[in-house]
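Only one structure is covered here, and it is reproduced in the block below.
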Amino acid sequence: MNTRRKFLKKSALISSIGGLIGLKSKVYAINPTMNTSNRPIVISTWDHGIPANLEAWKILNNGGKAIDAVEAGVKVPEGDPNVRSVGFGGFPDKDGRVTLDACIMDENQQCGSVACLEHIKHPVSVARLVMDETPYVMLVGEGALEFALLKGFEKENLLTPETLLEWEEFKEELKEKRSIINIENHDTIGMLAMDVLGNLSGSCTTSGLTNKLHGRVGDSPIIGAGLFVDNEVGAACATGVGEEVIKQAGSAMVVELMRNGVHPEDACKEIIKRVLKTNRGNKDIQVGFLALRKDGIFGAFSLMKGFNFAVQDDTGNKLINSPHF
Ligand code: SD4
């Protein structure tokens, strides 16, 4: 039986599974053993996904590994002081401290993560070393910093003069307010990639919510919330109010729905619906998911208007507006 016919047969089978689990969404095929396209692809959240994808693409297009691509890609916004919610230049917490969260996950379901890490420009690379060189998954705060310094990372001041100025201007006003997350100020980068071998990996990095309490950690460094990769099925990542993503085990659930045959966009939509259900009446939150299936098909969905993502494959690199409620 040729590949296409096998794929269609599987599709019919999976459609009935989708019916059995009572999902009203469109059901498509997944073929867990194969990248049907054999074409690398990288997708990432927000406008800064464009330059991040370009960096990741240099690796993917040369036959490199998805895990190396997702690390190199997100280092671009981490190092860019104009991206105010990731890495260097990220907006500080209520105390004026820049604390960063990041994680990374590969095709063997190995993963590493750091949370509330200060003074290190590239938390994703520290997360990579947690994955590659320790028996642990997650290091936080002082311990994460000590580990980074031990591994040769440079201790830096991540508060740029511009960010400091803005913080000083608004800190009195912000004191009384809850953390803010709206259309203007969320820029976490989540990146999902598939390499020429069909292997999937993902990364996620952020300075978290604007005006957060010192010590607050969101979804971005939590495996299963801000990021999840299952090389047999697909990968997903999240952006927006981390607490809402954690409550849903968001990215893991998106991948689980894809495992059950749900299309990536519908899988993202289903979890957004659950966020909506637990937040009736609260119009002040944004959550978005991005998903990449094993066959290269991707999708996204967000609660509010304004979420976009960048997609790079051998046809180019483009920004797409996410569907939303
Ligand atoms: C957090 N999810 O710390 C992050 C913030 C974010 O786009 O995604 N901003 O909750």
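Could you tell me the accessible area of residue 125 in Å² (1.4 Å probe, neighbours in place), rounded to the nearest ten?
Here the accessible area works out near 10 Å².
How high is the relative contact order of segment 81-215, in percent, counting Cα pairs under 8 Å that sit 6 or more residues apart?
Over segment 81-215, the number comes to 36 percent.
Say the cut-off is 18 Å between C-alpha atoms; which of 247/294; 269/305; 121/151; 94/171; 75/155 go over it?
From 247/294; 269/305; 121/151; 94/171; 75/155, over 18 Å: 247/294.
Need one value: the accessible area of residue 76 in square angstrom, 1.4 angstrom probe, rounded to the nearest 10.
50 Å²
Please give me the summed charge of the neighbours of residue 152: other residues whose Cβ is under 15 Å from its Cβ, Lys and Arg +1, Asp and Glu -1.
-1
Given H placed on each backbone N at 1.01 Å, which residues far from residue 91 in sequence or on other chains put an amide H within less than 5 Å of it?
Hits under the 5 Å cutoff: 85, 86.
Below 8 Å, C-alpha to C-alpha, sequence gap of six or more: please give me the relative contact order for segment 35-321 in percent.
24 percent
Out of the DSSP beta bridges found with both residues in segment 90-143, what percent are antiparallel (nearest 5)?
Working: 5 of 8 bridges.
The antiparallel proportion sits near 60 percent.
Which sequence of 129, 54 reflects their accessible areas, 1.4 Å probe, from the largest down?
54, 129
Per-residue accessible area for residue 170 at 1.4 Å probe radius, Å² rounded to 10?
80 Å²
How big is the antiparallel share of DSSP beta bridges in segment 95-230, given as a percent to the nearest 5?
80 percent
Sort 301, 153 by heavy-atom solvent-accessible area, probe 1.4 angstrom, most to least.
153, 301
The values are calculated or read from the model by the stated rules, or taken from the named source; none is laboratory data. What you see is a predicted model; the values in this text were computed from it and never measured. So basically every Cβ, Gly included, is an ideal-geometry build from the backbone, and we count neighbours across all protein chains shown. All accessible areas refer to the heavy atoms of the entire protein, side chains included, with ligands and DNA or RNA removed. Shrake-Rupley method; radii C 1.70, N 1.55, O 1.52, S 1.80 Å.
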